[in-house]
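Here is the structure we will look at, set down as structure tokens.
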Amino acid sequence: MDFAVKIYEPIFISTEEQIEGERRFFREAKMMFALNSPYIARIYDAGRVDNKPYIRMEYLKGVLYITKILFVCHGVDEVNSWNYCICNVF
């Protein structure tokens, strides 16, 4: 089974910012875990390895959104159409 791993490892931040960032990171994992949509990666687990927070999730094959905008969409109307579709997933 393929999966993706998101790691929270910021640099050049204060201890307070690190703590708040980790809290947001795990809150994101919890919220994503509760969602059920074919357009959102399933969360398998979250935790720490070597004291670094991670989220292990379903690997979704596709292209990056920015790649789609830069190389596939032709004009503002098409970009707005994609944005509308993304926003209406929920």
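The values are calculated or read from the model by the stated rules, or taken from the named source; none is laboratory data. Quantities reported herein were computed from a predicted structural model and do not represent experimental measurements. Cβ: placed from backbone, ideal geometry, glycine included. Neighbour counts: every protein chain shown.
Numbers for the structure displayed
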item	result
Index of the failed condition, Ile11 passing every other in (1) under 20 Å from Ile86 (Cβ atoms); (2) of a type in the set (A, V, I, L, M, F, W, C); (3) not in a strand (DSSP E or B)	(1)
Subset of region 1-16 that is of a type in the set (Asp, Glu) and modelled with pLDDT under 95 - its residue that is farthest from Pro53 (Cα to Cα)	Asp2
Selection within region 22-53 - of a type in the set (A, V, I, L, M) and modelled with pLDDT of 90 or more	Ala29, Met31, Met32, Ala34, Ile43, Ala46, Val49
Of residues in region 24-66 being under 13 Å from Ile7 (Cα atoms) and among the β-branched types (Val, Ile, Thr), the one surrounded by the fewest Cβ atoms within 10 Å (Cβ to Cβ)	Val49
